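The values are calculated or read from the model by the stated rules, or taken from the named source; none is laboratory data. The model shown is predicted, which means the values in this text are computed figures rather than measured ones. Here the Cβ is made from the backbone with ideal geometry for all residues, glycine too, and neighbour counts use every protein chain on show. In case anyone asks, the SASA skips ligands and DNA or RNA and just uses the protein heavy atoms, side chains included. Shrake-Rupley method; radii C 1.70, N 1.55, O 1.52, S 1.80 Å.
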Amino acid sequence: MTDVVTAQPPVSIAHTEPTAVSSGSPPARPDFQIVPLKGLPIVALIFVGLIIAIAANKLWPLVFLHVAFGAAWTIVDLFMGFVIGPTMGKLPPPARIEVVTRLMPKMVLIMPTVVTVTLAAGWQLGVLMGTVNSSYYNHSWIVASYIVVGFMAVIALGLLSPANIAVLTELKKPEPNPAVIQKLMKRFIFAAGFTGMLQVAILVIMTRIRVG
Amino acid sequence: MSERTLPPVTQLAMTSLALILIGGIYLASHLPQQVPLTPAWILLAASASLLAVNLIALSRVKDFAWTKFFSVGKWALLAYMIIAGLIEYAFLRDGLSGDPLVVLTLSIIVYAIHVPVLIAFTVAQYEQ
């Protein structure tokens, strides 16, 4: 993974002091890992917990994982789409680069993890409680949730994830192309906003299912 | 930013993913009833065809950044294989078997290949 994760840009760019920005040098760009290696053990631990919860097939662990990670997914999508996105658009380019290089590597690990855990635990919970059965009295709402999650998955897998990795790879280059970064960040923020809107629909559906 | 003419890999990949998701929703929404698998097979075949079209179209691109494509793609493939394995484990844990298991397993394989291809393509297309 060394070529992807630990490739280092030239020292002069990676560790430029902030003062260099005002003197006409390339914008300061903190060093970063595209995939934060320190986070991988945490992700592995969460996946082990997920496997144990599915194998045990007990109500509480599945509810905990589905609700906790589902809430995280919803909050992150809404926050990225409606708070971070518009804020980033108003930041000057050096500040934007600072935010991107610190935020986006974390998103590479956070999003696939919360999505996988939410969906896997949610499905197992549905099997355990019988809510995935077509005889369930709120079945139409369950199917509606499949459809909305399906839309979100296509947007996340097709636009969000690739843009996330691509913008970080571009920033790793000795001379990143600002136009490429801008284009990819626009795509990322648009996709995050769209999935944020779909998360509102998920909130409506889940609360509707809960009250019956 | 110089734009090159590249095949519509992103559009085809998103369509392919949408097709297998529709197939999955079709099967999941009828549980535990046995439903005809023909629609799911058709959707899977269409999705796999789009994956094949994407790979063929990509292989014909001249001067593509293949080194970058494969360096990103191999790790993305590993990550999505792990996720696909978790999904498959959940299916087996729930006692899924027979033709529905075959359809869903093949769908997961298409997903686990197409997403890394898409990520690697998105990165490599901006490589000079």
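Determine the share of chain A's accessible area contributed by carbon and sulfur atoms, expressed in whole percent, with a 1.4 angstrom probe. C and S atoms contribute 74 percent here. Average accessible surface for the range A:25-81: 52 Å² per residue, computed with a 1.4 Å probe over protein heavy atoms with every protein chain in place.
Once neighbouring chains are kept in place and the probe is 1.4 Å, which whole percent of the accessible area of chain B is contributed by carbon and sulfur?
Numbers: 4280 of 6250 Å².
That fraction is 69 percent.
Computed over Cα pairs, the Kirkwood radius of the range A:60-136 leads via Stokes-Einstein (1.306 mPa s, 10 °C) to a diffusion coefficient of 111 µm² per second. Ranking B:T10, B:T15 from most to least accessible surface, computed with a 1.4 Å probe over the protein chains only, gives B:T15, B:T10.
For the range A:91-101, backbone phi angles converted through the Karplus equation (6.51, -1.76, 1.60; θ = phi - 60°) give residue-by-residue couplings of 7, x, x, x, 5, 4, 5, 4, 5, 4, 5 Hz, Gly and Pro being listed as x. For the range B:13-29, backbone phi angles converted through the Karplus equation (6.51, -1.76, 1.60; θ = phi - 60°) give residue-by-residue couplings of 5, 5, 5, 4, 5, 4, 5, 6, 5, 4, x, x, 5, 4, 5, 5, 6 Hz, Gly and Pro being listed as x. Which distance in Å, rounded to a whole number, links the C-alpha centroids of the range A:133-162 and the range B:85-128? Taking the Cα centre of the range B:85-128 as reference, the centre of the range A:133-162 is 17 Å away.
To the nearest hundred square angstrom, how large is the accessible surface buried between B and A, total for both chains, probe 1.4 angstrom? Can you show the working numbers first?
Details: alone 7940 and 11740 Å², together 16370 Å².
Counting both chains, the buried surface is close to 3300 Å².
A simple count of charges around A:G89, restricted to other residues whose Cβ falls under 10 Å of its Cβ and scoring Lys, Arg +1 and Asp, Glu -1, yields +3. Backbone geometry of the range B:57-69 corresponds, through the Karplus equation with coefficients 6.51, -1.76 and 1.60 at θ = phi - 60°, to 3J(HN,Hα) couplings of 4, 5, 5, 8, 6, 8, 6, 7, 7, 5, 4, 5, 4 Hz, x marking Gly and Pro. Taking B:S71, B:S107, B:S16 in turn, the Gaussian network model of chain B (Cα-Cα springs below 10 Å) assigns the largest fluctuation to B:S71. The calculated 222 nm mean residue ellipticity attributable to helices in chain B amounts to -27000 deg cm²/dmol, summing -39500 (n - 2.57) over DSSP H runs of n ≥ 4 and dividing by all residues.
For the pairs A:K38/A:K186; A:K106/A:K186; A:K106/B:K74; A:K173/B:K74, flag any whose C-alpha to C-alpha distance is greater than 23 Å. A:K38/A:K186, as the Cα separations exceed 23 Å there. Select from the range A:129-163 all residues whose loss of accessible area on going from the chain by itself to the full protein assembly reaches 50 Å² or more (probe 1.4 Å). In the range A:129-163, residues shielded by partner chains: A:S134, A:Y146, A:V154, A:L157, A:P162.
Just add up the charged neighbours of A:N138: K/R +1, D/E -1, any other residue whose Cβ is under 11 Å from the Cβ of A:N138. Walk me through the numbers on the way to the answer.
On the way: positive: A:R208, A:R210; negative: none.
Its environment carries a net charge of +2.
Just so you know, the Rg over Rh for the range B:1-55 is 1.19, from Cα atoms, with Rh as the Kirkwood radius.
Counting heavy atoms of the protein chains only and a 1.4 Å probe, report the per residue accessible area for chain B as a whole number of Å². Kindly include the intermediate steps, with their values, before the conclusion.
Values: 6250 Å² over 128 residues.
For chain B, the solvent-accessible area averages 49 Å² per residue.
Might you tell me the accessible area per residue for the range A:104-212, computed with a 1.4 Å probe and given in Å²?
Values: 4370 Å² over 109 residues.
Per-residue accessible area for the range A:104-212 comes out at 40 Å².
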